[in-house]
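Only one structure is covered here, and it is reproduced in the block below.
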Amino acid sequence: MTHHAQPQPPPAQPADLVITGCTVLVHEEAGERHSFTPDAGERLSFTPDAGIVVRGGAIASVTTAEAAAALPAAERIDARGQVALPGLINCHTHAPMVALRGLAEDLPTEEWFNDVVWPVESNLTARDVELGARLACAEMIRAGVTCFADHYFAMDTVADVVAECGMRALLGQAYFSSQGREGREKSLDFALRRRGGANGRITTALAPHAPYTVTDADLAATAELARAHALPVHLHAAENRDQTEHSLARHGATPVEILDRTGVLDTDVLIAHGTGILDRDLPVLARAGGRTAVATAPRGYLKFAWPTTTPIRALRSIGVDVGLATDGAASNNSLDVWEAMALTSLVQKQTEGDPRWLTARQALHHATLQSARAVGLGETAGRIAPGRPADLVLVDLTGPHTQPVHDLAATLVHSARSSDVRTTVVDGRVLMRDRQLLTLDVPSVLRELERRLPTLVERGHGGRVQTYDT
Ligand SMILES: [Zn+2]
């Protein structure tokens, strides 16, 4: 007999993490990447009783709960009664500004900046930025945020905190033209030194502050550097209608037209707010040479009583992705992207006078894939699919405020809250399990921050980072 015993397959290597019993939000593949239809959000579906297998930081498979339960695993999560979503992404924030949360309330934008925020920011030390970043990351992980796009100063400190706490981030060192050439050079130096850090969890951007604080010459130089070094640009532009009107009065051009004529729109650009984008800006954005995205942070617009919000319907009609954001906590008071998702849907309905725009499914699409594309991670983050990094959250829907479930998308967007997130995973590493933070020590951060606050909020010194003058 020539039969030889078949060699036994090697015993399966245990998976790093197996999650069983959850419902999984799935994005349909077809035509996704270049889908510019406004109803793209409807191509979402939910797979019940699923299992998620994680190996080497990535999703190895999405299978049935039964199949996943049979696999050996180093770590297991029984997620019955929970929904697995791609981790939320905060597409525009100034994380360390949590230290200024609630410091300047009920003020118009200009007084908020000039009388309180900028004088206080001139006191900030790298240690304050570090403590603020730790507190911000703790807040975001607990709210189901796995990635954030940060735009601030002392960004090496923020990068160190990101590396340590396990989040993913797009980081940019902010600068003004008032800093001279040095500001721009520091932004580039930071972007080149830190990109790809923390096992690739850190990506970087050039971060001019805004067209009203950065000259056309500096914007043009930034665009050139961005192209030369394949870096995206993250900045504020057309934040509100006043800025657009001042820009027209001073320069005869809207902020978007300034980004166009300085070449910034030929780069991959992430624009914060855009509530001052006019109809005349739409063809300019539509023909932009780079990937253009806008981050919307509706809570702050309501709070500052801005007359308009981000024109999401118009932007979607020309294929511009709109990611969700909170801006800094000094204006927004929280870094709760879940709330931004609900507010985006509500504010859009009121603004458009149309209850059919923007649906819960669309809101989930903005929160996941569009936000991932906005921060340049469209090919990696934003969906739970094999081969993608395991950046996901588990949301508990067993509470009375989320039962019963007739429409899961509506339950998630309009009934669930960020505090229903039980578990947060980034790159396959569990950063919060059953609401317990595993990588950050909040009490020690707060003890030190509280000691430092009196010096931090002192603003009698007359110094300021910048003057707000659109
Ligand atoms: Zn901002």
Between Glu352 and Glu182, the FRET efficiency computed from the C-beta separation at R0 = 45 Å comes out, to the nearest 0.05, as 0.50
If packing is taken as the average count of other Cβ atoms within 10 Å, what order do 254-265, 304-315 fall into, highest mean first? 254-265, 304-315
FRET efficiency, 1/(1 + (r/R0)^6) with R0 56 Å, evaluated for Arg280 and His461 via beta carbons: 0.85
Roughly speaking, what is the centre-to-centre gap between the stretch 202-278 and the stretch 92-121 when only Cα atoms are used, to the nearest Å? 22 Å
Regarding the chain, what whole-number volume in Å³ per residue does the convex hull of its Cα atoms give? 161 Å³
Suppose a student asked you for the relative contact order of the chain, using Cα pairs under 8 Å spaced at least 6 residues apart; what percent would you report? 22 percent
Dipole in debye (nearest 20) - the stretch 51-122, about Cα centre, beta carbon charges: Lys, Arg +1; Asp, Glu -1: 700 debye
Which distance in Å, rounded to a whole number, links the C-alpha centroids of the stretch 44-88 and the stretch 330-354? 30 Å
What is the log10 of I(q)/I(0) for the stretch 32-171, computed with the Debye formula using one identical point scatterer on each Cα and no solvent, at q = 0.22 Å⁻¹? -1.29
Among 44-51, 187-194, how do they line up from the highest to the lowest mean number of other beta-carbon atoms within 10 Å? 187-194, 44-51
Once Glu448 and Asp216 are pulled to full extension, the length gained, defined as 0.36 nm per residue separation minus their Cα-Cα distance, is 79.4 nm
So what is the relative contact order for the stretch 263-386, in percent, with contacts set as C-alpha pairs under 8 Å and at least six apart? 22 percent
Which net charge results when you count Lys and Arg as +1 and Asp and Glu as -1 among the other residues whose beta-carbon is under 14 Å from that of Ser122? -2
With label points set 7 Å from each Cα along the Cα-to-Cβ direction at Ser61 and Arg241, the distance between them in nm comes to 5.6 nm
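Every number in this text was worked out from the coordinates using simple rules, so none of it is lab data. Everything numeric in this text was worked out from a predicted model, so none of it was measured. Cβ: placed from backbone, ideal geometry, glycine included. Neighbour counts: every protein chain shown.
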